[in-house]
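Please treat every number below as a calculation from the coordinates, not as lab data. The structure presented is a predicted model; accordingly, all values stated were derived computationally and were not measured. Because the Cβ atoms are built from the backbone with ideal geometry, glycine has one as well, and the counts that use them run over all protein chains shown.
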Amino acid sequence: MFKPLDPLLHSELRLAVVSLLISTEEAEFPYIKEQTGATAGNLSVQIDKLSAAGYIEVEKTFKGKKPCTLCHITPVGLKAFEDYVKALKSYLNVKKT
Amino acid sequence: MEEKNNMTAERSLEIITEQIERSRQMVAKDTGLSLYVAGLCTMGMAILIGILIFFTTNTAWYLMYILLPITIFAADRYAKRGKPKVPASLVSSMVDKTWQAFGIFALAYLVFGILYNMLMSHFEQPEVYMRMMIQPLRVVLLLMGITITINGYILKSRWMVWCGIVGGIGGFVWESFYVSETLTVWLVPYTHASYIGFAHGIIPAFIVTVLAFIGLTLPGLKLKNS
């Protein structure tokens, strides 16, 4: 029986962002942009979607005089990611057998 | 990366693995730059202190090592200016914490050793002082070796692990058997005016410089360019 995949995480860019954030305490917007290779506009939209779902928390601060956007994963996001990986495993196990 | 929702399970797994690995590599590069900068600062400081002791024959210049953490911090900030800040991860936090622990213990022991030796040299007879004096360098070298080895394991760098083991134990054995002093006496007679400058300035500076190069600069350069 296949477990349903979270549609919010089942997208290349959103999955890349969450995968990046699970191993860090928090990451700045330019760092995520550099690591995912996404455009600023697209990344901003996807971050808003993840934030609206409560998967990540976005904090707008200042670094000196420059604005700085910090993102970090929430416990809800971490749980969703775990469930997503579990569901993924069920698909991969079926393919192996 | 484009917005695609029709991914296969394999592609999803690939993205997760790729991002985690990329993040690990970024942390390793960032840590490499920090190690490289710390190595250069330590080497520079050791050479400067060695030269100052050689010319003044005053071992109190060792206390300048207290300025080393501030120098490293400032140089690290300068080297990373304008680059996006690499986020703290479990790996980078562990590396930072091990170096912080090394800094606390090494500086505390170094300062205590220097002050203790200065006091003992004033209050005790030379024969008693020679027996009681603390050799801070060997313990600092051992601590440095332990820190480099732990970092090698954290960063999965076999090269760094071996540098730490060889440098730390080698330095400790070297100093425990008074190889530096023996070499100094061999090079400069005990009665010569420049003996103190050599024994307490040039030789320790040389050892610290070599170990900082092997344990910090070289692994740092390797990680930075990986």
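The table below gives the values:
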| read-out | value |
| --- | --- |
| Within region A:12-91: Cβ-based charge dipole about Cα centre, in debye rounded to nearest 20 (Lys, Arg +1; Asp, Glu -1) | 140 debye |
| Residues B:ILE15, A:ILE73, A:ILE22, sorted so that the one with the fewest Cβ neighbours within 10 Å comes first | A:ILE22, B:ILE15, A:ILE73 |
| Distance from region B:93-125 to region B:162-222 (C-alpha centre basis), Å | 17 Å |
| Residue among B:ALA205, B:THR8, B:PHE73 farthest towards the positive dipole end of chain B, charges placed on Cβ | B:THR8 |
| Total charge dipole magnitude, region B:1-60, about the Cα centre, Cβ charges on Lys, Arg, Asp, Glu only, Debye to nearest 20 | 300 debye |
| Rounded tilt (10° steps) of B:158-176 against the dominant C-alpha axis of chain B | 10 degrees |
| Distance (nanometres) between label positions extended 7 Å along Cα→Cβ at B:LEU48 and A:LYS65 | 3.1 nm |
| Computed label-point distance, nm, for sites B:SER121 and B:ILE70 using a 7 Å Cα→Cβ extension | 2.4 nm |
| Cleavage-rule hits (trypsin sites (Lys or Arg not before Pro)) in region A:44-97: DSSP loop, at most 13 neighbouring Cβ within 10 angstrom | A:LYS65 |
| Under 23 Å from the Cα of A:LYS3 - lysines, other chains or at least 8 residues apart | A:LYS49, A:LYS79, A:LYS86, A:LYS89, A:LYS95, A:LYS96, B:LYS4 |
| Furthest towards positive pole of dipole, B:GLY171, B:GLY44, B:GLN25, structure part the protein assembly as shown, Cβ charges | B:GLN25 |
| Burial ordering of B:SER93, A:SER19, fewest other beta-carbon atoms within 10 Å first | B:SER93, A:SER19 |
| Where chymotrypsin sites (Phe, Trp or Tyr not before Pro) fall in DSSP loop in region B:133-226, at most 14 other Cβ within 10 Å | B:PHE177, B:TYR178, B:TYR190 |
| Loop-located GluC sites (Glu not before Pro) in region B:115-175 whose Cβ has at most 14 other Cβ within 10 Å (DSSP) | B:GLU124 |
| Relative contact order, percent, chain A [alpha-carbon distance under 8 Å, six or more residues apart] | 36 percent |
| Cα lying deepest toward the dipole's positive end in the protein assembly as shown, options B:TRP99, A:PHE29, B:THR56, charges on Cβ | A:PHE29 |
| Check: the protein assembly as shown dipole with +1 on Lys, Arg Cβ and -1 on Asp, Glu Cβ, in debye | 640 debye |
